[in-house]
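Q: Okay, here's the structure, questions in a sec.
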Amino acid sequence: MPAGARFAVLASGSGTNLQALLDAYPGHVAVVAGDRKEAYAFERARRAGVPVEHVDPRGFQTREDYDRELAERVAAYDVGLVVGAGYMRILSRAFLDRFPAILNVHPSLLPAFRGLNAVRRALEAGVGETGVTVHFMTEEVDAGPVVSQERVPVLPGDTEESLLERLHPVEHRLLVRAVADYFWGRVRP
């Protein structure tokens, strides 16, 4: 990673993708921000000595108002990239326009199974393979330019849990590589 590269991570859940980024790039994660105070991702950040910005969506009249506040908090850390790592809210232009780029990781081979519950929907559809996509975020859910994808087979008897167990290491690897590729100028939105 280039010296001085700093990025923010948005997270809403357990933070396994965040942990992969913290492990790969200690000192480069400037802040972890999100909407759920109880998200274990915040605990991971604190343990790594990374500041946390919790912005509770309650109390904001519009999604744009919330996104403006979130963007203000993140921008205060002077980051060159924002990474969505299990962040479960759709970002509006109020956030997207504030930063040079926002990467996201999604557990499917986009454009298949955009949005929530992608793994469950892949299993219900009976597909023989799914995968992971890293892409740049846009206002349209999981529709931004693709940075990288990797296929993962769906095995007979797979459950959401067993398939996610195989998808997570792929998510971690692709996301870590995409962040470096962005800072080295190998990918652009």
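The values are calculated or read from the model by the stated rules, or taken from the named source; none is laboratory data. Predicted model only: the values in this text are computed from it and were never measured. Cβ atoms come from the backbone with ideal geometry, glycine included; neighbour counts cover every protein chain shown. All accessible areas refer to the heavy atoms of the entire protein, side chains included, with ligands and DNA or RNA removed. Shrake-Rupley method; radii C 1.70, N 1.55, O 1.52, S 1.80 Å.
Q: How much accessible area per residue does segment 83-189 have, counting only protein heavy atoms and a probe of 1.4 Å, in square angstrom?
A: 48
Q: Continuing with this model, one more query. Once you place label points 7 Å from the Cα toward the Cβ at Asn117 and Asp97, how far apart are they in nm?
A: A separation of 3.4 nm, rounded to one decimal place.
Q: Trypsin sites (Lys or Arg not before Pro) within segment 1-95: which are DSSP loop residues with at most 12 other Cβ atoms inside 10 Å?
A: Passing both the DSSP loop test and the Cβ count: Lys37, Arg58.
Q: Also: What do you get for trypsin sites (Lys or Arg not before Pro) in segment 110-189 restricted to DSSP loop and a cutoff of at most 12 other Cβ within 10 Å of the site's Cβ?
A: Within segment 110-189, the qualifying trypsin sites (Lys or Arg not before Pro) (loop, at most 12 other Cβ atoms within 10 Å) are Arg186.
Q: If you don't mind, another one. Roughly speaking, to the nearest percent, how much of the chain's 1.4 Å accessible area is carbon and sulfur?
A: Answer for the chain is 49 percent, counting heavy atoms of protein chains only.
Q: Something else about it: What's the extension gain from Glu72 to His168 if we count 0.36 nm per residue and subtract their Cα-Cα distance?
A: So the chain would gain 31.5 nm between Glu72 and His168.
Q: Hey, another quick one. Considering only the other residues whose Cβ falls under 11 Å of the Cβ of Leu163, what net charge follows from Lys and Arg at +1 and Asp and Glu at -1?
A: Net charge in that neighbourhood comes out at -3.
Q: In Å, what Rg and Dmax follow from the Cα atoms of the chain?
A: 16.0, 48
Q: When N counts the residues of segment 92-189, how does its alpha-carbon radius of gyration compare numerically with 2.2 N^0.38 Å, as a ratio?
A: In units of the 2.2 N^0.38 Å rule of thumb, it is 1.12.
Q: Also, I was wondering about something else. How large is the accessible surface of His172 in square angstrom, using a 1.4 angstrom probe and rounding to the nearest 10?
A: The accessible area of His172 comes to roughly 50 Å².
Q: Return one whole number: the accessible area per residue of segment 1-81 in Å², for a 1.4 Å probe.
A: Heavy-atom SASA per residue in segment 1-81 reads 47 Å².
Q: Further question: 222 nm [θ] for the chain, helices only, -39500 (n - 2.57) per DSSP H run of 4+, per residue, to 500?
A: -10500 deg cm²/dmol
Q: Quote the accessible area belonging to Glu69 in square angstrom, nearest 10, computed with a 1.4 Å probe and with ligands, DNA and RNA left uncounted.
A: Rounded to the nearest 10, that gives 60 Å².
Q: Additional query: Fully extended, how many nm does the chain gain between Phe60 and Glu124 (0.36 nm per residue separation, minus their Cα-Cα distance)?
A: 19.4 nm
Q: Continuing with the same structure: Would you mind telling me the antiparallel percentage of the DSSP bridges in the chain, rounded to 5?
A: Here the antiparallel bridges make up roughly 45 percent for the chain.
Q: Please state the relative contact order of the chain as a whole percent: Cα pairs under 8 Å, 6+ residues apart?
A: It rounds to 20 percent for the chain.
Q: Using a Gaussian network model of the chain whose springs link C-alpha atoms within less than 10 Å, name the residue from Gln149, Gln19, Gln61 with the highest mean-square fluctuation.
A: Evaluated over the chain, the most mobile residue of the options is Gln61.
Q: Please say if segment 66-110 is rounded, prolate or oblate, where rounded means a/c under 1.5 for a ≥ b ≥ c the square roots of the C-alpha gyration tensor eigenvalues, and otherwise the choice is prolate for a/b larger than b/c and oblate otherwise?
A: Prolate.
Q: Right, something else. Keeping all protein chains in position, work out how much accessible area Leu123 exposes to a 1.4 Å probe, and write it in Å² to the nearest 10.
A: Estimated to the nearest 10 Å², Leu123 gives 50 Å².
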